[in-house]
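Structure record follows, encoded as structure tokens.
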Amino acid sequence: APCPFRAARRGPAQRRARTAPSEQAMPNNNSVAAAKPPQPAAEPLLPADEAAQDASPRSQPPQHRSPGPRSSKDSPVFFEKNKVRRMRHSAIRDDGYCSSTSTPLSSEYVDHLSGTEGQTAVILADGVTSTVPVASKPHETKVPGERPTWKNKADFLLSIIGFAVDLANVWRFPYLCYRNGGGVFLIPYMLMLIFGALPLFYMELVLGQYNRQGPISVWKLCPLFKGVGYCSVLVSWYVSFYYNVIIGWALYFMFSSFRAELPWSRCGNPWNTASCYSGTLAQNDSEAPAADNRTSPALEFFNRAVLELHTSPGMHDLGSPKWQLLLCVFLVFIILYLALFKGVSSSGKVVWVTATAPYFILTLLLLRGVLLPGAGQGVQYYLQPNVGKLLDTQVWVDAAVQVFYSVGVGFGVHLTYASYNPFNNNCYRDCLMTTAVNSFTSFYSGFVIFVYLGYMAAKQGVPIQQVATEGHGLVFQVYPEAIATLPGGPLWAVLFFVMLLTLGLDSAMGGLESVITGLMDEFKTFFSRWRYRREVFTAIVICASFCVSIVNVTRGGGYMITWLDTYSAGISLLCAALFESIGIAWIYGLDRFCGNIHEMLGFRPGIFWRLCWKFITPTFLVAVIISGVVNQAPVEYHNYRYPPWAISMGWGLALSSVSMVPLVAIIMLCRAKGNCKQRIAYTITPAAERQEEKEKGVVERFKLSHWTYV
């Protein structure tokens, strides 16, 4: 085999002259330094000048030897741990290969090197010993006793992109862009992305990759802020209660599309009312209801056939679960379990479909849509600039909220996924690539949406403002109605809802992975007693989420989903991101954090990143949180205004996750020893730096130098 210590092979002329070492036994005198390597019988292995240069006595201490050719006097002897009682004398031939013979090895030396796992010892004739690491297999992803890693880089990138690119990229960003000045909206959007969400995204990737821990146990670097991890895990779990139900809606629509005529294409169905009017099919119908009372067949199919909202008066009377939706949601959770029960080894395979399929389907829908009448008008409304909108503060608030939620900071998912990366992975490049793909997808999907909105406006003869909407209504009412008018409508409907299904699945996988990994890493000792801990605990989390989700498939489930969407991951998610930035940049220390990045990547972050982490990003988050609380609009859904008790419960739900930050901080302070100053010092010092003082609870951490570091 090619010698690992050979820097380069010899030329063709030298390759023909091969020499073999003579076999000579090592004297078994329990002295490694006295061992003399065998002398080759043929010509020297190195030129005379190189051999003379290498023959000088070594006065340097033992150190790692760089690979390269050596003289016969310095022929190395390789030791491999698996060959306990034998040592191989190796000589490097001119053709770049090694020739070796086996000789006995002393017992003392075997015991001396018994702990050098993963290394190969090289013993030179003058007694100098050095070791070099044994190269691991290129596809080896799991070492016994260590954290598993992604099988390849593409699995990680697709997972992180799949989580960031979710349903909001399709149903929220295009509408916000249209409502807030068209193409001008990209200016506040990009500014909020660069100075707000992007630095936090980079921070989460670094935290996970450097510490190789979940979102809770990663805060061993600053135990006082461990509640931030619990807050992120709770938010991710709350979102799974309703987000997976929305995926179930997409699955229900997909199954309903497998028929010759789409059920929402016309009126006259059992669920339709007298107000049903298909403006795209019966524009001149003299018996059509008054314009103020008209409802589209797609709207009635969604509200009356799928959700059956008309049978529930509100949150106080939700009614019984609808078994069709319950079955669809159950199938969604089964898919999620099959994707998550083996960790990154199983989810890394699923994202190859869920993260790539939406782009193919979006492209097909766009190519079909640009051929429709009115498509150009829709694109014009989408991009038509209105510079005056930049003076509206609400535009900047909308841009900030959309950016933070779209990138997905605060959920702990980026941190969790990065914890399965190799230590020296270039997470800086991954951060830039993922945010670029996410922003491009949001902008690209806007074209796909608005070519069909322009088509609908031209078909019905109404302004585009009357058909443009956001949220559930866009993807489950307006868009299906437009598809129903196309030739081959069922095929396009199946493709569209498959796209929604895949967009939702990889985002749901990320949220549940954050919950599972976060709890299993934090309570590792407890879970180590379980035989199939990953499979069993994943099943427990999936079952618990499904049981809570049942309330969202009742007749009044639509009210519950809007309520959960408003309070579960609103202000609480932004608070988690704010405390995360404060805990790292101010308490843990920006100098330490930059040192961690240098240790992994070989370079320190520039002044832009340090200013964002320390000042700019926290300022943006505080401004968005205050604006969200002050300008909180009354929560409504389909003309149903939520009662005060429901709003109070909503704020209680939001505080249940945010309160974890001060609650866990108080617990950590109470568990520490010493006076007040010593307790605080103990809980803000990284665990790795206070091992000797763990029992005393006294740590000298009150140095203000890292607080002023930028």
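Derivation of every value follows stated rules applied to the coordinates shown; laboratory data play no part. Here the structure is a predicted model, which means the values were calculated and not measured. Virtual Cβ from ideal backbone geometry, glycine too; neighbours counted across all protein chains shown.
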> Rg to Rh for the range 456-505: what is it, with Cα atoms only and Rh by Kirkwood?
Replying inline: 1.01
> How many angstrom lie between the C-alpha centres of the range 337-373 and the range 200-264?
Replying inline: 17 Å
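Size of the dipole of the range 469-610 about the Cα centre, Lys and Arg at +1 and Asp and Glu at -1 on the beta carbon, nothing else charged, in debye to 20? Walk me through the numbers before you get to the answer.
Details: 9 positive and 11 negative charges, 95 e Å.
It comes to approximately 460 debye.
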> From the residues V413, Y455, P373, which one has its Cα farthest along the dipole of the range 153-663 in the positive direction, the dipole being from +1 and -1 charges on Cβ of Lys/Arg and Asp/Glu about the Cα centre?
Replying inline: V413
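As a footprinting exposure proxy, order V409, V370, V401 by other Cβ within 10 Å, with the fewest listed first. Write down the numbers at each step before the final one.
On the way: V409 31, V370 15, V401 18.
Lowest count first: V370, V401, V409.
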> Over what distance in Å are the Cα centres of the range 470-498 and the range 169-198 separated?
Replying inline: 24 Å
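Quote to one decimal, in nm, the extra length available between Y709 and R592 on full extension: 0.36 nm per residue of separation minus the C-alpha distance between them. Write out the running numbers ahead of the final one.
Details: separation 117, 0.36 × 117 = 42.12 nm, distance 0.99 nm.
Answer, rounded to one decimal: 41.1 nm.
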> Given N residues in the range 153-663, what is Rg(Cα) / (2.2 N^0.38 Å)?
Replying inline: 0.97
>> Loop-only chymotrypsin sites (Phe, Trp or Tyr not before Pro) in the range 375-434, please: DSSP not H, G, I, E or B, and at most 11 other Cβ atoms within 10 Å.
In response: F423
